[in-house]
Each structure stands twice: as C-alpha cells, then as structure tokens.
Amino acid sequence: MATDKSESAHATTPNMSTFGVPALVVSGFLGAGKTTLVKHLITDAQQQGLKLAVVSNEFGELGIDKALLQEAGGPGYVELEGGCVCCQLTNELLETLQNLWETIHPDRIVVETSGVALPFETLMTFWREPITEWVGESLAVVVANAEQVAEGRDLEGTFEQQVSSADIVVLNKVDLVAEGSLGRVENILQDMAPDAPFIRSIQGQIDTTVVFPPTPAQTYSSKRKSKPDIVPHTHEAFQAQELSFPDHITPEELIQQLQPLQALRIKGIVNTTEGPKLVQGVGPRIDLSAPPSQFPPEMLGRLVAIRRK
C-alpha cells in the first residue's frame, strides 16, 4: 500500500476535491485474470504514491484471492464473502466503500466482482447516497480470457452479459492464442460489446492511464450521465466444490487429477513434492506457481473448483 500523503496535500489534490474519486468495477468470467489485473493496478498506484482501495468479492469460501491481494493491498484491501456484490451484498458493499472513504481517503477505488457477477449491477452502488457525493467517474472494466473465447467455451449467459456491460474490455491471456486468431476473437467480443474499446494484455499488464485518466478533466467529462440498465440474474447455474489433496503429491499427478474436471475455474494451494504451489486452472489448463509469501495454514491442501450445475 502506498504511504499516506499529508492531509494538506490530500485536500488540495484536484482529482479528489473537484472531480471525485475515480472508481473501477473489474468484472469478467471465472478464470479471466481479474485478480492478476487488480494486482497490477495496486502496484501501479504504489509506484505513483497513490492510495488505492480494493474491495474483492469471491465466489466460493476458501478465500484464495484474499491471500493473493491482502499482502499487496494492505489496509485498503477488503474482501466481502457470503454472497455477490451485485445482488446479495449490495448494502455491505455500500457500507464498506463509505468506511474506506472515511478511514483512508483513497485516491482510487477498485471493486473486483466474482466471476459470476454482472458489473452494471455493481456500478449501481456508486449512484447511491452517500457514495455518489464523493465518487467521480465509475467504469466497468471486463476482463476476457482470449483462450476461452478462441475455443468457444462458455460464451453464453453470464459471460455475454458481462461483456455487453463493459465500458472497456481487457482481452487477457493473448499469449495463449495464435496471433492470427486474435482478430476473430475480438470480432466475437465486438458483437457483444460494439461500443467498448479493447485492450490486449498478458498477465493483466495494461497502461493504467486508459482506466484511470491522468487528467482530472478527462475523469470529470467522461463520468456516466445515466444509470445503467439492470438485467436480472441468478447464480443457480454455478456451484463451488472444495477439493482436498494429501501432502507431497507430485505436480504431475496433481495436474493429471485436475484436468479431467474441466472446471470453469480452480484455485487453491497444494503442498507438492516440490513444495507449496498456487494452483490456478481454467478448463483443461492447470498452472502451478509460487504461492503468496503469507497465507493461512488451513488453506494448504485445499482447492475450490467452480463448475456449472
């Protein structure tokens, strides 16, 4: 988390006092790379000496995103559990955002929704009192997995509703798709969100000035003038299943056991013969990497797999 600015400096910041705090709702389907993008936004804010408040909402009870973001986000990071911020937890989100404003006075706000949430419904929170009194521009940034689109997996229902709600689409994981196929991928998404600009990314690395304009006047002029339309939805089509694995399973055995599940998303930490590994899977692709430097011991050996019912 960035070091705090003095109160006098904070009070004279044009973007804060005149134009409001810019806010992003980062949405996207399960496994698109939302958390990776949010980590990039945190790092960018720290490098600029800005205070970024992050509210994350995870589908499933293990809380792996909390372990991934808590260390980077510091006191400005809050996770909301037990429901979805676009419907069941709207009041909790409102209270959380107001509390962050009153306690740390952030320069920027990011709300990361679960992979089954709709961004426009979450954006509605920024139109409610007292949030609307201090927030500035609020945009829906939807992250799309280029490999998923290229393979035509799960592109209807929730995925399409998310993309069609986007102010900006971040086409992530473009390194997993042949260069010649990216045009076709973008055409598919363009049909869903014809007015949204597209940003290609690898590991969520984007130019943050696109989502957080550096000039206050830009932020003010592009603020929404009307509330978004609401499309009712439920989460009945998805279920989260917790999986447990014994210590000292080999990475190869772990991957072999997880691939047949063809889960929409798999996340967790497993103690393998090569030490603890952060497991992240989307469909048949299972990636193992170093885990967060600090995570609750009870999280070890547990994964959450999300699938359609």
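A short reminder: the numbers here are calculations on the coordinates, not readings from a lab. Every value quoted in this text rests on a predicted model; they were computed, and no experiment measured them. Don't worry about glycine lacking a Cβ; one is built from the backbone with ideal geometry, like all the others, and counts go over all protein chains shown.
Report ³J(HN,Hα) in whole Hz for each residue of segment 148-155, in order, from the Karplus equation J = 6.51 cos²θ - 1.76 cosθ + 1.60 where θ = phi - 60°; Gly and Pro get x.
Result, rounded to whole Hz: 4, 5, 4, 8, x, 8, 6, 9.
Where does the charge balance sit around ARG285 when Lys and Arg score +1, Asp and Glu -1, over other residues with C-beta under 14 Å from its C-beta?
Working: positive: ARG153, LYS173, ARG265, LYS267; negative: GLU147, GLU151, ASP154, ASP175, ASP287.
Here the charged neighbours net out to -1.
Using θ = phi - 60° and the Karplus form 6.51 cos²θ - 1.76 cosθ + 1.60, what ³J(HN,Hα) does each residue of segment 42-53 get, whole Hz, x for Gly and Pro?
With the stated coefficients, segment 42-53 comes to 5, 4, 4, 5, 4, 5, 8, x, 9, 8, 10, 9 Hz.
Can you check what the net charge comes to around GLN259, using other residues whose Cβ is under 12 Å from the Cβ of GLN259 (Lys, Arg +1; Asp, Glu -1)?
Neighbourhood net charge equals -2.
Pull up all non-local amide H partners of GLU137: gap of 5 or more, or a different chain, and H-to-H distance under 5 Å with H placed in the peptide plane.
The list, which skips near neighbours in sequence, is ALA23.
Amide H of ILE269: which non-local residues (sequence gap of 5 or more, or other chain) have their own amide H closer than 5 Å, using H built in the peptide plane?
Residues meeting the amide H criterion: VAL279, GLY301, ARG302.
Can you give the Rg and Dmax of segment 114-209 based on its C-alpha atoms, in angstrom?
Here Rg and the maximum Cα pair distance are 14.4, 48 Å.
Return the sequence-ordered ³J(HN,Hα) values of segment 134-143 in whole Hz as given by the Karplus equation 6.51 cos²θ - 1.76 cosθ + 1.60 applied to θ = phi - 60°, using x for Gly and Pro.
These are the phi-based 3J(HN,Hα) values: 10, 7, x, 5, 10, 10, 9, 9, 10, 8 Hz.
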